[in-house]
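Report on the structure given below.
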Amino acid sequence: MNSSPEADYLRALYQSWSDRMAANPDLTIADLRSMFDEWHQPTFEPEGVTYRSDVLAGVAATWAVPTEADISRVILYTHGGGFAVGSASSHRKFVGHLAKQLGVTAVAIDYRRAPEHPFPAQIEDSTAVYKELMSRGYKPQNITTSGDSAGGNLAISTVLKLREDGIDLPGSVIVFSPWLDMEHIGATLETNKETDALVSKEILQAMSGMFLGETGSPHDPLANPLKADYQNFPRLYISAGAVETLLDNSLDLEEIAKVSGVDVTLSVVSGMQHVFPILAGRAHEADTELSQIAKWFKTPVTG
């Protein structure tokens with residue numbers, strides 16, 4: 001199935017980034033961050049959502065509060081961008097759409113980024129914010145960790161770290177096109193390299209190098225959640241695009257989680273690029289996916 005003309009906006013944006021990076025391989029990290037902050041452009045502004053700035057556990061953050069949201073429930077959102085680029089600002093509108101669909105509040109955090117702050121700085125920030133949310137009165141079961149790409153990794157690894165530290169886990173986890181494999185061995189890195197307009201093996205190798213730094217290991221389960229044990233992990237929703245190079249990460253995650261008995265749902269949408277739900281409000285594929293996630297989120301857990 002081909003993507004809609006509206007969804008093609010994202011492919012075109014990604015292709016423009018790829019072209020700019022290819023034309024100027026000496027782009028600084030500041031240049032790249034400026035470019036990737038264009039990530040907000042595919043997303044239409046959601047109606048009925050207000051925003052406010054905050055600092056939680058020393059981490060700058062942006063709250064999204066939909067009208068009539070259940071303020072006792074919150075999404076802790078970690079943005080994508082290879083752990084090095086992207087921001088709460090680049091994802092603000094998307095997080096607003098997600099929160100509105102789920103009927104809850106959300107907080108997107110500006111965790112410390114590589115290369116200035118390599119692993120595990122990002123997980124230190126996200127787990128600190130989680131604890132701060134608990135101290136503000138949010139019950140763990142009313143917290144959802146969520147994120148896209150590298151932020152999807154963090155949404156998962158945050159839970160793994162909380163479990164390791166004996167802290168009560170969130171009620172659910174929602175990830176969009178998660179980037180988990182720090183070894184770069186997924187078959188779709190090759191089979192989808194002609195259809196993915198942004199993510200190449202070379203980019204992933206550069207990003208993982210900055211993320212892991214001199215001391216991080218690509219085999220550490222907190223850096224590479226495909227190496228983790230998913231016993232007692234919260235219910236999990238995985239969203240991915242069928243034409244993206246990182247598709248195998250989502251497929252492998254579903255299989256690993258399922259073996260451990262996790263309540264896991266995988267949605268792979270044909271013709272779609274990396275983190276395609278960021279087209280929220282613009283493309284029907286994104287809105288349909290968010291609607292499906294909302295239905296999953298609001299369905300009572302049985303058993």
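Over the stretch 165-240, the hull volume per residue, using the convex hull of the C-alpha atoms, is 116 Å³.
Only protein atoms count toward the accessible area here, which uses a 1.4 Å probe; on the stretch 184-276, the carbon and sulfur part of that area reaches 52 percent.
The mean accessible area for residues of the chain, using a 1.4 Å probe and ignoring ligands and nucleic acids, is 40 Å² per residue.
The length gained on full extension between Ser89 and Glu214, counted as 0.36 nm times the residue separation minus their Cα-Cα distance, comes to 42.1 nm. Remark: the Cα gyration tensor places the stretch 172-303 in the oblate category, a/c being 1.5 or greater and a/b not exceeding b/c. Across the alpha-carbon atoms of the stretch 231-303, the computed radius of gyration and Dmax are 13.0, 38 angstrom.
Cα-based values for the stretch 140-191, radius of gyration first and Dmax second, are 12.9, 40 Å.
Here's the list of aspartates and glutamates a cross-link from Lys93 could span, going by alpha-carbon distance under 18 Å and ignoring same-chain residues fewer than 8 apart: Glu6, Asp37, Glu38, Glu45, Glu47, Asp54, Glu68, Asp110, Asp148, Glu285, Asp287, Glu289.
A Förster radius of 22 Å, combined with the Cβ-Cβ distance separating Gln205 from Asp37, puts the computed FRET efficiency at roughly 0.45. Amide hydrogen proximity for Gly271: with H placed 1.01 Å from N in the peptide plane, the residues at 5 or more positions away or on another chain lying under 5 Å are Ala242, Val243.
If I compute Cα extents along the principal axes in Å from the structure I just sent, which labelled value in (1) 50, 43, 37; (2) 53, 49, 43; (3) 62, 45, 34 lines up? Matching the structure shown: (1). Counting 0.36 nm for each residue step from Ser16 to Asp263 and taking away their Cα separation leaves a gain of 85.1 nm. Candidate cross-link partners of Lys161 among the lysines, defined by an alpha-carbon separation under 19 Å and a same-chain spacing of 8 or more, comprise Lys131, Lys139, Lys227. With both residues required to sit in the chain, DSSP beta bridges show an antiparallel share near 30%. In whole percent, and with a 1.4 Å probe on the protein chains, what portion of the accessible area of the stretch 47-98 is carbon and sulfur? For the stretch 47-98, the apolar C and S fraction of the accessible surface comes to 48 percent.
Each residue of the stretch 117-127 was assigned a 3J(HN,Hα) from its phi angle through the Karplus expression (A = 6.51, B = -1.76, C = 1.60, θ = phi - 60°), giving 10, x, 3, x, 3, 5, 6, 4, 5, 5, 6 Hz with x at Gly and Pro. An oblate overall shape is assigned to the stretch 1-111, the ratio a/c of its alpha-carbon gyration tensor axes (a ≥ b ≥ c) being 1.5 or greater and a/b not exceeding b/c. Here the simple spin-label model places points 7 Å from the Cα toward Cβ, and for Ala294 and Glu255 these points are separated by 3.4 nm. For the stretch 115-171, just say rounded, prolate or oblate: build the C-alpha gyration tensor, square-root its eigenvalues into a ≥ b ≥ c, call rounded for a/c under 1.5, and beyond that prolate if a/b exceeds b/c, oblate if not. Prolate is the answer for the stretch 115-171, as a/c is 1.5 or above and a/b outweighs b/c.
The values are calculated or read from the model by the stated rules, or taken from the named source; none is laboratory data. This is a predicted model, so every value here is computed, not measured. Methodologically, a virtual Cβ is constructed for each residue, glycine included, from the backbone with ideal geometry; neighbour enumeration extends over all protein chains shown. Side chains included, ligands, DNA and RNA excluded: accessible areas come from the protein's heavy atoms. Shrake-Rupley method; radii C 1.70, N 1.55, O 1.52, S 1.80 Å.
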